[in-house]
Amino acid sequence: MSERSVFREYLEALLIAAVFLGFSNTFVVKTFYIPSSSMENTLLVGDHLFVNRYIFGSTGRGAGALLPERDVRRGDVVIFRSVEDPQVDLVKRCIGVPGDVLQMREKVLTINGKQVDDTAYALYRDPRVFADLDGESPDGRRRDNFGPITVPPAKYFCMGDNRDQSYDSRFWGLLPAENVKGRPVFIYWSYGGETPDGKWRGWADRLQQLAHTALGFVPRTRWSRTFHLIR
């Protein structure tokens, strides 16, 4: 076999791989990393996730009926475009689906009149509890109290698992269904070092980040979280 033929085979293989990866990254899976603590302890800063982009519907994605899909369910962790800045992707847990009646009083959450046992995932680090009374901190009142609110069609109510340190539907309102991009499936890498915030500051800054990551890859990788399923 000639060198030219070998080169051509490698080139074709690379092109096929690029097409496959491009298709899967557009329609099926996407990578995403956690830059904030709003979902602790379910997701930690530096967790890198594989996201199923198809599970919540194929509208506009061209995948047809190739893969199973379903509606967002209460309790799902979801990736979505920010309501306030659509250029930014966020991750939260869906607490309320269409038709649900939600209420929170002094950090106690009820759905459809029943108190929610969220001890499996919810984290409350701030010992302070704000009542829904004049004179209390406005942000504290909103954080610890809301509703009752009925979730309308094609909307969701989302909250971070780190309840006392999450900017979520309590502050920016309901999430439109069309903003939902997918569901994180598992953590493929968890890095305990410095995590970029996603803002572009030039090539010098990006190269410096890559160098820090390369040097800290082995000692700062949280190996126990590799391939950890997200629930």
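What the table below lists for this structure:
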read-out: When residues of the range 127-166 are limited to those that are closer than 20 Å to V116 by Cα and hydroxyl-bearing (S, T, Y), the one farthest from the chain's Cα centre (by Cα); value: T150
read-out: Residues of the range 66-108 satisfying the condition of being out of contact with any helix residue (DSSP H, G or I) (no Cβ under 8 Å at 6 or more places or on another chain), surrounded by 17 or more Cβ atoms within 10 Å (Cβ to Cβ) and under 25 Å from E136 (Cα atoms); value: L102
read-out: Residue in the range 72-88 that is in a loop (DSSP other than H, G, I, E, B) and of a type in the set (K, R) present; value: yes
read-out: Answer residue from the range 174-211, given it is within 15 Å of the chain's Cα centre (by Cα) and among the polar types (S, T, N, Q) and is modelled with the lowest pLDDT among those; value: S190
read-out: Any chance F171 is at pLDDT 95 or above, of a type in the set (A, V, I, L, M, F, W, C), closer than 29 Å to V45 by Cβ and touching a Leu at 6+ places or on another chain (Cβ under 8 Å); value: no
read-out: Counted residues, the range 150-166 - those being open to solvent by less than 50 Å² (accessible area, probe 1.4 Å) and either closer than 14 Å to R93 by Cα or outside any loop (DSSP other than H, G, I, E, B) (or both); value: 10
read-out: D76, sole failed condition from (1) at pLDDT below 90; (2) closer than 11 Å to P184 by Cα; (3) of a type in the set (D, E, K, R); value: (1)
read-out: Residue count for the range 109-141, restricted to those that are open to solvent by 60 Å² or more (accessible area, probe 1.4 Å), in contact with a strand residue (DSSP E or B) (Cβ under 7 Å, 6 or more places away or on another chain) and part of a strand (DSSP E or B); value: 1
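The values are calculated or read from the model by the stated rules, or taken from the named source; none is laboratory data. The structure presented is a predicted model; accordingly, all values stated were derived computationally and were not measured. Methodologically, a virtual Cβ is constructed for each residue, glycine included, from the backbone with ideal geometry; neighbour enumeration extends over all protein chains shown. The area values use the complete protein model at the heavy-atom level, side chains included, leaving out ligands, DNA and RNA. Shrake-Rupley method; radii C 1.70, N 1.55, O 1.52, S 1.80 Å.
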